[in-house]
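Following: one structure in structure tokens, then a few remarks.
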Amino acid sequence: MPLYREGSAAPVADDGPAPAPLADWLGDRRGSAVALLNTDDAEALRPHLAALTLITLHFPKFSDGRAYSQARILRERLGYGGELRAVGNVLQDQLPFLLRCGFDSFESEQKGFGEALLKARTLFSVVYQPTEDGRPTASQLRLLGRRVMLAAAE
Amino acid sequence: MPDTHFYRYDEYDRRLVAERVEQFRDQVRRRLAGELTEEQFKPLRLTNGLYLQLHAYMLRIAIPYGTLSSRQLRKLAEIARKYDRGYGHFTTRQNLQLHWIKLEQAPDAIAALAEVDMHSIQTSGNCVRNTTADHFAGAAADEIEDPRVWCEIVRQWSTLHPEFSFLPRKFKIAITGSPNDRAAVRVHDIGLRLWRNDEGEVGFEVIVGGGLGRTPMIGKTLREFLPRDELLAYLEATLRVYNRYGRRDNLFKARIKILVHEIGAEKMREEVEAEYRSMKDSALKLAPETVEAIARQFAPPPLRPGRTRVPEVEALKLGDPDFALWLKSNVAPHRVPGHAIVTASLKPAGAPPGDASAAQMEGVADIADMYSFSEIRVSHEQNLVLPHVAIEDLPAVYRALGRLGFAEANVGKITDIIACPGLDYCSLANARSIPVAQRISTRFAALARQHDIGDLKIKISGCINACGHHHVGHIGILGVDKNGVELYQISLGGDVDFGQTSLGTILGPAVPADRVVEAVEALVAVYLDARRAGERFVDTYRRLGIQPFKERVYAAV
């Protein structure tokens, strides 16, 4: 399955470790890559995150959104800093959501996926929800604007 | 734009909606070019409010918290004329549906909405839908706090939410700020009720897991009192629990009500509270300045207390009995003396409930400009509301609405029927709803009789999905298909009033379409024979039980 990372419209080589299913990895803790099903509890990795460089999260159907919650739990609650990959049925129209939830690599068979990835961060110049991507939300920008105005008025 | 007394988009909101239009334009282009399959395109169009119905595409437009300016209503009329057949249908979820849209034109229609700061984002699909509110918000005499401030905060938070755009099923939130619930909060996925505790603080009761459809349920209170600034953290926690644990194996068991039912309210509360603790005091906590800035935009119009007894009104009351009845049923108390809230009935005798032509929409916009600070509301009962009318203007408003056919004095009465579009429009329906509503409303058209019968809510759905809320009708009517024949199942005793929310009980075997009116006549006859002073239909039903109604109906049909 073609693998994409930001910066290039073309697929990149997958030269990293092969991810092991969660139960297997917890059994022997060999390697630094884990594949979670979207029914797995990401909390199970809490004590081991420093040892991991890749976690894949699964979209059995693009319309099954459980992996978005797993991604945010891994990134925001558990502070996972390694690679987070969306695998399965991943479509370009999901990209703005995936990026905001902390995914940074993607497997997709869809034509045009790489081009869409290049544009995905700028598709929406405004966001309303605070997530780990750190983009200032509309309400943070408004607040900042008001404080700047107040400071200027003083 | 006239000086509105509700939220106006700023540059951020405008940019987001404009970018969304462009994204959708590209998606439609890719679909028409064959780059997207219908399966891939479907969830994309649905989250832009575009359905494929029986005959054509339907566009469902969000009317956040049911609030419109006259300029927005005129634009809706223009869109209905230009891209549809010149009329629209107001729904129970404070949406406007246009039923004859061409796919190629859908992006232009949505772009036209954006011109007046409106959108159709998330009016369908498995995401957080348009948040609904009390249609008297900001005007009602019984209100504790304007719920629309919080609806707008939820609107922004839920719009293109990265984590919750692919939920197990659709998700509906309703908010009320009054003890008299006009938003049916106990039958939503999340219902929020603003109330004041003994310390004088205002907060939310958070109710989760209500809903109608094939498994109707009344929501459970997860939180008695949530501080207002924690609203988004608590919503995010609840949605995350639902996203992770909601069932996806069976479409009919995927709503949050099933999750709450299966694991129990206690376990649900533990799960939500655990998530909430990890989000509390995070960036989701609402800054007081943020809330104040939004609340300022909902500041009420400058209404000066005025006379409550106006000679012209009193004279007309004596001279025109229909006007007197209209005052009783269609005019509600305003918080500022000398003013009133007027409901324009979209249910004239024999008309499809909730329909309005482009000309009627423009007419209502004109009346709102003259008499109601250019403001209009859409109610979940499929009527339009003029929220700020001076009592001295009531005769003029009555006459002007009369010219549009919207001055029927029937709000809350037997012909103020909620009905879904049914088999005439909807691909899910098993039976027609609109003709049944039309027959009932024609039969009971006499106003004096309607007022003698008093408050009685009839709600009709053309299928088990219950868009017509039949479960919570005093009389509920559900269309079912039996071997190709349309039959109607009748239930009694449903109610959405706060504190007495109840689901209706099925009366007995379903009746054929041409017997529904006789059945309603028989139900009304039992009530009129047995009622005590001051008793509404539903009160008499509660006192007597179902038996006498059952006997009379099946003897009659």
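Things to note:
- Sequence-distant aspartates and glutamates (8 or more away, or on other chains) whose Cα lies within less than 17 Å of B:LYS170: A:ASP64, B:ASP189, B:GLU236, B:ASP249
- Spacing of the modelled spin labels on A:HIS48 and B:GLU201, each 7 Å from Cα toward Cβ, amounts to 4.2 nm.
- Debye intensity ratio in log₁₀ form over the Cα atoms of the protein assembly as shown, taken at each q of 0.09 Å⁻¹: -0.81
- Contact order relative to length of region B:303-427, as percent, for alpha carbon pairs under 8 angstrom and 6 or more apart: 32
- Simple Cβ-charge dipole of the protein assembly as shown, Lys/Arg +1 and Asp/Glu -1, about Cα centre, in debye nearest 20: 960
- Span from the region A:71-114 Cα centroid across to the region B:279-335 one, whole angstrom: 47
- Listed by chain and number, the lysines whose alpha-carbon sits under 20 Å from that of B:LYS347, ignoring those within fewer than 8 places in the same chain, are B:LYS328, B:LYS413, B:LYS457, B:LYS459.
- Dipole of region B:142-265, positive direction: furthest Cα of B:ILE190, B:LEU235, B:ILE256, with charges on the beta-carbon: B:ILE256
- Largest GNM mean-square fluctuation across A:GLY114, A:GLY134, A:GLY31, computed for chain A with C-alpha springs under 10 Å, falls on A:GLY134.
- Debye equation applied to the C-alpha atoms of region B:433-511, log10 I(q)/I(0) at 0.12, 0.25 Å⁻¹: -0.35, -1.20
- Amide H contacts of A:GLU83: A:LEU54, A:ILE55, each under 5 Å away and 5 or more positions distant or on a separate chain (H built 1.01 Å from N in the peptide plane; Pro and chain starts excluded).
- Residue among A:LEU123, A:LEU144, A:LEU95 with the largest mean-square fluctuation in a Gaussian network model of chain A, springs linking Cα atoms under 10 Å: A:LEU144
- Given a 1.4 Å probe and the protein chains as shown, B:CYS463 ends up with an accessible area of around 10 Å².
- Chain B - Cys residues lacking any other Cys C-beta under 4.7 Å: B:CYS127, B:CYS151, B:CYS426, B:CYS463
- When you restrict to C-alpha pairs under 8 Å that are six or more residues apart and normalise by the size of chain B, the relative contact order lands at 12 percent.
- For the options A:LEU141, A:LEU22, A:LEU74, a Gaussian network treatment of chain A with springs between C-alpha atoms closer than 10 Å singles out A:LEU141 as fluctuating the most.
- Prolate/oblate/rounded call for region B:372-456, Cα gyration tensor, a/c under 1.5 rounded: oblate
- Cα→Cβ-extended label distance, 7 Å offset, between A:ALA10 and B:ARG247, nm: 4.9
- Annotation for B:ALA448 and B:ASP229: the two label points, set 7 Å from Cα along the Cα-Cβ direction, are 6.1 nm apart.
- Kirkwood Rh (inverse of mean 1/r, distinct Cα pairs), region B:398-446, angstrom: 12.2
- Cα gyration tensor shape of region A:31-154, rounded if a/c is under 1.5, else prolate or oblate by comparing a/b with b/c: oblate
- Region B:312-319 - phi-based ³J(HN,Hα) in whole Hz, Karplus 6.51/-1.76/1.60, Gly and Pro as x: 4, 5, 4, 5, 5, 4, 6, x
- Reachable aspartates and glutamates from A:LYS111, criterion Cα separation under 13 angstrom, eight or more residues apart if same chain: A:ASP93, B:GLU35
- Rounded FRET efficiency, nearest 0.05, which uses the C-beta distance separating B:VAL485 from A:MET149 and R0 of 51 Å: 0.15
- Shape of chain B, Cα gyration tensor, a/c cut at 1.5: rounded
The values are calculated or read from the model by the stated rules, or taken from the named source; none is laboratory data. These numbers come from a predicted model, not from an experiment. Backbone-built Cβ (ideal geometry, glycine too); neighbour counts: all protein chains shown. Areas reflect the complete protein model, heavy atoms only, side chains present, ligands, DNA and RNA absent. Shrake-Rupley method; radii C 1.70, N 1.55, O 1.52, S 1.80 Å.
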